[in-house]
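All remarks here apply to the structure that follows.
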Amino acid sequence: EAGVTQSPTHLIKTRGQQATLRCSPISGHTSVYWYQQALGLGLQFLLWYDEGEERNRGNFPPRFSGRQFPNYSSELNVNALELEDSALYLCASSLAQGLQGYEQYFGPGTRLTVT
Amino acid sequence: DAKTTQPPSMDCAEGRAANLPCNHSTISGNEYVYWYRQIHSQGPQYIIHGLKNNETNEMASLIITEDRKSSTLILPHATLRDTAVYYCIVTSKTGANSKLTFGKGITLSVRP
């Protein structure tokens, strides 16, 4: 069974540009989560999507946004990039909330570098 | 989510059991204890979770004290590939708390 996949592996952008990161969940998983892991700050929760809707949001500015498509894949968009956005962005998926097997399974991440 | 406290680091010899402690004294009745690990620059890997009973799977065992205020993750026969940062997380399974709050974790170093 394929795990969570993310693309691209690495992304280099210039300050002020926009970045788009993509995630495909494990087959059968309907919830997708995004996390940011910046150097020295640890893993921080960004967004949670379930059944196409944004269900929860971490303490990040509105320029961090995303969506979930009907096939449950997801996209994270970061607008007006700042140098501090340089980080490893991790996507995770899980079965629907409330069911057994809530545990989240993570992808390998996208390394975003803003210059 | 309840806060967890873990020592910053520990080491153990290859082939020996690694016992990783975690304190979660403010855990509430509907909160589970989850363990994840992250090998350098990779995505976190789910290990095990439990509510109040001890749990075992192919990767590890989870021992939760009767008062649920602390737990121990046991890797029965540590290998060099188990060197990683291990995160103990307490969270409920439903509602707006459907996110994982990662602390600093404990860095386990397995020595040959």
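The values are calculated or read from the model by the stated rules, or taken from the named source; none is laboratory data. Keep in mind it's a predicted model, so treat the numbers as computed, not measured. Reconstructed Cβ throughout: ideal geometry from the backbone, glycine too, with neighbour counts over all protein chains shown. What goes into the accessible areas is simple: the full protein's heavy atoms, side chains included, and nothing from ligands, DNA or RNA. Shrake-Rupley method; radii C 1.70, N 1.55, O 1.52, S 1.80 Å.
Table: residues versus (1) of a type outside the set (G, A, S); (2) assigned to a strand (DSSP E or B); (3) over 27 Å from A:T30 (Cβ atoms).
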position	(1), (2), (3)
B:G43	no, no, no
B:Y46	yes, yes, no
B:K52	yes, no, yes
B:M59	yes, no, no
B:T72	yes, yes, yes
B:V90	yes, yes, no
B:K99	yes, no, no
B:F102	yes, no, no
B:T107	yes, yes, yes
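Across region A:18-28, which residue is modelled with the highest pLDDT among those that are open to solvent by less than 20 Å² (accessible area, probe 1.4 Å) and under 14 Å from A:F106 (Cα atoms)? Among them, the one singled out is A:C23.
Inspection of region B:60-74 finds no residue satisfying the criterion of being open to solvent by less than 70 Å² (accessible area, probe 1.4 Å), within 23 Å of A:S93 (Cβ to Cβ), among the charged types (D, E, K, R) and more than 11 Å from chain A (Cβ to nearest Cβ).
Can you name the number of the only condition in (1) at pLDDT below 95; (2) at the interface with chain B (Cβ under 9 Å from one of its Cβ atoms); (3) surrounded by 15 or more Cβ atoms within 10 Å (Cβ to Cβ) that A:L95 fails? The number of the failed condition is (2).
Might you check whether a residue that is under 27 Å from B:K104 (Cβ atoms), more than 14 Å from the chain's Cα centre (by Cα), part of a loop (DSSP other than H, G, I, E, B) and free of Cβ contacts under 8 Å to residues at least 24 places away in the same chain occurs anywhere in region A:66-85? Taking every residue of region A:66-85 in turn, none turns out to be under 27 Å from B:K104 (Cβ atoms), more than 14 Å from the chain's Cα centre (by Cα), part of a loop (DSSP other than H, G, I, E, B) and free of Cβ contacts under 8 Å to residues at least 24 places away in the same chain. Scanning region B:1-10 for residues that are at pLDDT below 95 and either loosely packed, with under 13 Cβ neighbours inside 10 Å or over 18 Å from B:I27 (Cβ atoms) (or both) gives a single hit, B:K3.
Among the numbered conditions (1) away from chain B (no Cβ under 12 Å); (2) surrounded by fewer than 14 Cβ atoms within 10 Å (Cβ to Cβ); (3) assigned to a strand (DSSP E or B), the only one that A:E54 does not meet is (1). Among the residues of this structure, A:R15 counts as one that is part of a loop (DSSP other than H, G, I, E, B), basic (K, R) and open to solvent by 20 Å² or more (accessible area, probe 1.4 Å). Scanning region B:20-34 for residues that are within 29 Å of A:V4 (Cα to Cα) and modelled with pLDDT under 95 turns up B:N30, B:E31, B:Y32, B:V33, B:Y34.
Listed by first and then second residue, the pairs linking a residue in region B:4-19 that is part of a strand (DSSP E or B) to a residue that is open to solvent by 50 Å² or more (accessible area, probe 1.4 Å) and of a type in the set (V, I, T), with Cβ atoms under 7 Å apart and 6 or more places separating them unless they lie on different chains, are B:S9/B:T107. Number of residues in region A:66-86 that are open to solvent by less than 50 Å² (accessible area, probe 1.4 Å) and of a type outside the set (S, T, Y) equals 8.
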